[in-house]
């Protein structure tokens, strides 16, 4: 079985916004899947996270990557795009998986995430959400795909407490919800476990997530300054 360092090396040159520390968190979750487990990724871009998940998952586990590669919602400040950009992303995605030796381990569904629901029947052991970051699509991914996560399963959400749309969706569905326990975050990658929360546990769960709001405010300020060209540096992830 591959090691985490192998996955980091295989994905290092792939374009994307998953940090090495976040990749390790994905690795840990996928490596604990059973031989008939299932991990679903929403939003693959050019394959960085898909490579990590495929190399971590045990033989026999399903790794499903959902991305329409339509040219839109490609990354920070790239909501609108062209079909040609989408085709380039799809070609790069496939080439990167081939290069990493995991093309045969990943089932790619080239559809918008909500259209792909019918293509993945049954429960999910691990869900990684990094799709469109606008509020509506993010809310739908968390709500509709989140229902597919089995009890005890994991859901990881990228750009949590960083993207405004994703954070609003989390606030709407997860902060005061009773089905997902917040386990912490690595940068903007937040992890949840599907459990039934008691009233006391729900309050504690909400407080733990609300404690991330100062970090969220800091990220919003950084993004505004970057857009206004008053700051140089990386986009916060």
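List of remarks:
- Out of 29, 34, sole residue that is over 30 Å from residue 134 (Cα atoms) and either surrounded by 23 or more Cβ atoms within 10 Å (Cβ to Cβ) or in contact (Cβ under 8 Å) with a residue 60 or more places away in the chain (or both): 34
- The range 47-64, residues that are touching a strand residue (DSSP E or B) at 6+ places or on another chain (Cβ under 9 Å) and in a loop (DSSP other than H, G, I, E, B): 47, 57, 61
- Out of 144, 150, 154, sole residue that is outside any loop (DSSP other than H, G, I, E, B) and farther than 15 Å from residue 125 by Cβ: 144
- Among residues of the range 8-17, those that are free of Cβ contacts under 8 Å to residues at least 60 places away in the same chain and either under 10 Å from residue 52 (Cβ atoms) or under 17 Å from the mean Cα position of the chain (by Cα) (or both), counted: 2
- Tally, over the range 73-87, of residues that are at pLDDT 75 or above, more than 17 Å from the chain's Cα centre (by Cα) and either surrounded by 15 or more Cβ atoms within 10 Å (Cβ to Cβ) or in a loop (DSSP other than H, G, I, E, B) (or both): 4
- Residue within the range 162-169 that is touching a residue at least 24 places away in the same chain (Cβ under 8 Å) and within 19 Å of residue 47 (Cα to Cα) present: no
- Count of the range 187-204 residues which are surrounded by fewer than 17 Cβ atoms within 10 Å (Cβ to Cβ) and either touching a residue at least 40 places away in the same chain (Cβ under 8 Å) or on the phi > 0 side of the Ramachandran plot (or both): 3
- Of residues in the range 91-130 being crowded, with 20+ Cβ neighbours inside 10 Å and in a helix (DSSP H, G or I), the one nearest to the chain's Cα centre (by Cα): 93
- Put simply, of 2, 7, 12 the only residue that is within 22 Å of residue 188 (Cβ to Cβ) and surrounded by 15 or more Cβ atoms within 10 Å (Cβ to Cβ) is 7.
- Members of the range 187-197 that are over 22 Å from the mean Cα position of the chain (by Cα) and under 21 Å from residue 29 (Cα atoms): 196
- Any chance residue 153 is modelled with pLDDT of 95 or more, more than 13 Å from residue 65 (Cα to Cα) and over 18 Å from the mean Cα position of the chain (by Cα): no
- The condition of being out of contact with any strand residue (DSSP E or B) (no Cβ under 8 Å at 6 or more places or on another chain) and closer than 24 Å to residue 13 by Cβ holds for only one of 67, 73, that being 73.
- Residue count, the range 198-232 (criterion: within 23 Å of the chain's Cα centre (by Cα), part of a loop (DSSP other than H, G, I, E, B) and over 13 Å from residue 161 (Cα atoms)): 0
- Residue selected from the range 1-23 under the condition part of a helix (DSSP H, G or I) and in contact with a helix residue (DSSP H, G or I) (Cβ under 6 Å, 6 or more places away or on another chain), by the criterion farthest from residue 156 (Cα to Cα): 10
The values are calculated or read from the model by the stated rules, or taken from the named source; none is laboratory data. Just so it is clear, the structure is predicted and the values come from calculations on it, not from any experiment. Positions of Cβ are backbone-derived with ideal geometry, glycine not excepted, and every protein chain shown enters the neighbour counts.
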